[in-house]
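Let me begin by presenting the structure, written as structure tokens, before commenting on it.
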């Protein structure tokens, strides 16, 4: 069993911090792609999945964001920089542990990052499992709407936007995020990526973060499988038991 820190840098100098745990003898690596403004554990979701599957698979969690060790403030980066991080993580683990099968497990906006990676890199993956992929047509507008309502929020798209977090820390968003978010077209990426890699979507019927009427757009994709669960956006109402049941079936 492996349990070690992942600490590498991209060619552009972006630091990548994460954790590699699990069965290095497995022929499959599970790589987790977290959502916007959260850490590698995806608010605990990915930790539960790693605990369940690390005996069978090698697992990789890592930050797209930069986390201040003292304040716990989170610094977001652009979508292209997130894709760059994912590319380097895949390259690093395959170089060290061999050309194993890769299964991406993505949540929320992490689904868009993973699909962008698949499309741009023509990635040869065994499977992509998307948890609550947002079909938002305008990612930038959705981000403004979600965070701009918070007390103390500062929106400055030509500088640093700052949004208070519920734990007292803050999320900081750089100007280059907004331009890429404006151009981001998640549904187009989902469509292209799902035609390249077998794709499973898990949707929460009680998801209030994503409008339920957009579920019809997800249904129109050519997916390997689509599962609807009676959960919210983070699937934690049953401590991920519903998601785990789906994954147990998909990871056989």
Checklist entry - Among the residues of the stretch 225-250, how many are touching a helix residue (DSSP H, G or I) at 6+ places or on another chain (Cβ under 8 Å), surrounded by fewer than 18 Cβ atoms within 10 Å (Cβ to Cβ) and assigned to a loop (DSSP other than H, G, I, E, B)? => result 3
Item to check | Within the stretch 78-88, considering residues that are farther than 21 Å from residue 161 by Cβ and touching a strand residue (DSSP E or B) at 6+ places or on another chain (Cβ under 9 Å), the one surrounded by the most Cβ atoms within 10 Å (Cβ to Cβ) | outcome: 86
Checklist entry - Does residue 137 satisfy the condition of being modelled with pLDDT of 95 or more, under 25 Å from residue 211 (Cα atoms) and surrounded by fewer than 24 Cβ atoms within 10 Å (Cβ to Cβ)? => result no
Next on the checklist: Looking at the stretch 58-80, can you tell me whether even one residue there is in a helix (DSSP H, G or I), touching a residue at least 60 places away in the same chain (Cβ under 8 Å) and under 21 Å from residue 185 (Cβ atoms)?
Outcome noted: yes
Checklist entry - Within the stretch 63-76, how many residues turn out to be at pLDDT 95 or above and out of contact with any strand residue (DSSP E or B) (no Cβ under 7 Å at 6 or more places or on another chain)? => result 1
Item to check | Positions within the stretch 89-123 being surrounded by fewer than 15 Cβ atoms within 10 Å (Cβ to Cβ) and in contact with a strand residue (DSSP E or B) (Cβ under 8 Å, 6 or more places away or on another chain), in sequence order | outcome: 94, 101
Checklist entry - Does residue 149 satisfy being farther than 27 Å from residue 30 by Cα, without any contact (Cβ under 8 Å) to a residue 24 or more places away in the chain and out of contact with any strand residue (DSSP E or B) (no Cβ under 8 Å at 6 or more places or on another chain)? => result yes
Checklist entry - Just for the stretch 10-40: of the residues that are farther than 14 Å from residue 105 by Cα and part of a strand (DSSP E or B), which one is modelled with the lowest pLDDT? => result 15
Item to check | One residue from 180, 195 being touching a residue at least 24 places away in the same chain (Cβ under 8 Å) and in contact with a helix residue (DSSP H, G or I) (Cβ under 6 Å, 6 or more places away or on another chain) | outcome: 180
Checklist entry - What are the pairs, 6+ residues apart or on separate chains, where a residue within the stretch 96-119 that is under 15 Å from residue 29 (Cβ atoms) has its Cβ under 6 Å from a residue that is in a helix (DSSP H, G or I)? => result 104/114; 106/114; 117/83; 117/86
Item to check | Total residues in the stretch 140-171, condition surrounded by 19 or more Cβ atoms within 10 Å (Cβ to Cβ) and either touching a helix residue (DSSP H, G or I) at 6+ places or on another chain (Cβ under 7 Å) or outside any helix (DSSP H, G or I) (or both) | outcome: 5
Checklist outcome for this item: Here the residues within the stretch 41-57 that are outside any helix (DSSP H, G or I) and at pLDDT 95 or above are 41, 42, 44, 54, 55, 56, 57
Checklist entry - Do we have residue 41 as surrounded by fewer than 19 Cβ atoms within 10 Å (Cβ to Cβ) and either free of Cβ contacts under 8 Å to residues at least 12 places away in the same chain or touching a strand residue (DSSP E or B) at 6+ places or on another chain (Cβ under 6 Å) (or both) here? => result no
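The values are calculated or read from the model by the stated rules, or taken from the named source; none is laboratory data. From a predicted model like this one, the values you see are computed outputs, not experimental measurements. In this analysis, Cβ positions are derived from the backbone assuming ideal geometry, glycine residues included, and neighbour counts consider all displayed protein chains.
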